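Remarks on the structure that follows.
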Amino acid sequence: MTSQEAMEAECLHQFGVAPRTSDSRGSYIKMTWIRNVKEGLILNDRVAMEKYVKCHILLLSGSILFADKSGLAVHWKFLPLLRDFSRIHEISWGSTSLAHLYKALYRASRFDCKEIDGPLKLLHIWAWIRMPFLAPISRTPRFFTLANRWRNWEHHNWPYRYHIVAYFRGLLDEVQEGQFVWEAYGVDRIEADVIPEDICSQSEIGVQRCRRSFGFVQGVPHQERSLDGQHGEILTESKNLDGLSHTDFG
């Protein structure tokens, strides 16, 4: 079975329909096909709702979390992770997306690299939050989540878009001590009741890896399970037929 045939079989199994050759690009499924499947669903039962959520996850993966340079397609290796709908929430999507970003930044640091892919919107917001001297003026300075501060910045700070790369490089070269925000969720930066109660009640669990962002002391994390040889796996040809397992994603 070729990778194309395996992809078609997986889509047929999960969505009841398979992409045509024109709806894919190698091992990538075009986002337009996924959107069409999502929009064509009639949400009158649990099965249809699950298909809808799976389509949404794939669209997020291809456009934000694991986007390639085009942003027009998503690799089908993510499909097997969605087979068991009850276990989707067990996958560490955040840490995997972060690892993907680190790899993209590593590649982009090479002298012969001209472009970068990955979750750049997340990197962009991170930079604005942590280095506010780079960001356009925030109209809602005490908003949760912090990224929402700039949800309409284009309408209020339109001259900002005309700054060139040299301008931002100059700001970074001249950064001073104290200009980097370590406690992004510190009490002096957001209102006391801004963080939803359900998040506050789970704060001991949810912020254990980013405690300093909330003004807490960051401890030493426990040793994670080593994936050993899995780090060197290349998902091409026959190795790509079964996609990735849950363990691949932490």
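Read the figures in this text as sums done on the coordinates, not as results from a lab. All figures in this text were calculated on a predicted structure; none of them were measured in a lab.
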*Above 21 angstrom, tally the Cα pairs of the range 3-90 and express them as a % of all pairs, no decimals.*
23 percent
*Cα-based Rg of the range 1-158 normalised by 2.2 N^0.38 Å, two decimals*: 1.21
